[in-house]
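Undergrad: Attaching a single structure in C-alpha cells format; questions to follow.
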Amino acid sequence: MDGTFDGLAAFLAVANHKSFTAAAAGMGVSPTAMSQKIKLLEQRLGVVLFQRTTRRVSLTEAGANLFARLKPALTEVEDALAALGDYRGRPSGRLRITAPRASGAWLLPPLVTRMGELYPELSIEICLDDAFIDLVASGFDAGIRLGNAIEKDMVRVPITKHSAWSIVGAPSYLARAGRPRKPEELLRHHAIRQRMITTGVVYRWELERQGKPMTIDVPGTVVVNDIGLMVALALEGAGLAYVPDEAIADAVAEGRLERVLEPFVTPGPGFCLYFPARMQEQPKMKALVETLKSMRDDLLARVRGATPKTKTTSTASRSK
C-alpha cells in the first residue's frame, strides 16, 4: 500500500475538479507531478481511472465506481479535520526541514531545542544534505540554503548577511609546505579540492585583491564532495582546505587548524530559511519564522564566538 493513499488523494482531487491543472494547484504540486501520481496509482491498481483528451478529463467506469465508494469516506475525513478546529492557530504536527551539513549542524540544534520548549505539540524532522532539495517533491516544509541557490518563487527569511569561509591548514602541513602570503603562492601548495554536488564541477577558489575578484585552480590530488571530510583531511595535514567557518571554528580556536590568506577571502551570499508560499500562513511555519527571527543574533554569535579574537587586516569580514 506504500504510496497508494497519496495516489488516492490525487485521484479524489482530479475527480472533483475534473482537471489535472486545477487539482494540482489545489494540492500545491505541478500538473506533471499530479499526472505522475495518477499514473502510478493506475499501475498499482491495474486499471485506467481517467479518460484524457486535450479538452477534458472524465472518469472511466472503474474510476467512477471507485469515486462513488470513496466519496463517503472523504466526507468522514473532512468532518474529522473540521473537528480539529480547536487546534487551529497552535503549531502542531510534523515540521520537516532540510539544510546543508555544516551550517545545519551549528544553526539547527539551538533552534530545534527552542522550538521544542515553545511548541511541545510540534515534532521536527531534520535532514542534512549538501545536495539541493526540491522541497515539494521531497515532502519538506522548509529548507536552509545560501540565498543565491534558492528558487525565486520561494519565500525567504534571511539568517545571515554573508556566509563566512576560510582557507585553513594544519600546523604540520604549514610547517612542511610553508604559509602562503599571497594568492599566487597557492599554486605551489596542495589543496583538498571540492566537487560541487549541485554542479558536478571541481570548485575553483574565489578570492579578492584590492576589490578585484580572482579565481585560482589550486592543484591537489584529493577531490571530495563533503565538507566534513575536507576538514578531517586538513586536520591530518593533507593540504589546504577552503571551508565554511562553522565547520572549523573549534579546530581553529584549539590551534589544530590555522587560517591563511585572510585578507583575500571574499564575502559570499548569506543563508536563508525558505519555503513555498502556500506554507506561509500555517501555524507551524509562522512559529518557525518567529523563533528564528528572535534567535538570529544568538545564532550568529555561536560562530563568531568560536572564532579566535586575533587582529586582522582591513578586510572586515572573512566570509564567502
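Undergrad: Enumerate the pairs (first residue in the stretch 282-297 and assigned by TED's automatic domain parsing to the domain that holds Arg96 and of a type outside the set (Asp, Glu); second residue anywhere and part of a helix (DSSP H, G or I) and surrounded by fewer than 17 Cβ atoms within 10 Å (Cβ to Cβ)) with beta-carbon separation below 6 Å, excluding pairs fewer than 6 apart on the same chain, so at least 6 apart or on different chains.
TA: Thr291/Arg114
Undergrad: Which of (1) at pLDDT 90 or above; (2) in a helix (DSSP H, G or I); (3) under 24 Å from Lys286 (Cβ atoms) does Glu125 not meet, given it meets every other one?
TA: Here Glu125 clears every test but (2).
Undergrad: Please specify each residue of the stretch 172-211 satisfying the condition of being among the charged types (D, E, K, R) and touching a helix residue (DSSP H, G or I) at 6+ places or on another chain (Cβ under 7 Å).
TA: Glu208, Arg209
Undergrad: Moving on to the next point. So, of the residues in the stretch 108-125 that are surrounded by fewer than 15 Cβ atoms within 10 Å (Cβ to Cβ) and touching a residue at least 24 places away in the same chain (Cβ under 8 Å), which turns out to be nearest to Arg94 (Cα to Cα)?
TA: So the residue we want is Ser123.
Undergrad: Hey, does the stretch 261-268 have a residue that's part of a helix (DSSP H, G or I) and buried (at least 18 other Cβ atoms within 10 Å of the Cβ)?
TA: yes
The values are calculated or read from the model by the stated rules, or taken from the named source; none is laboratory data. Quantities reported herein were computed from a predicted structural model and do not represent experimental measurements. Every residue, glycine among them, receives a Cβ derived from its backbone with ideal geometry; neighbour counts consider all protein chains shown.
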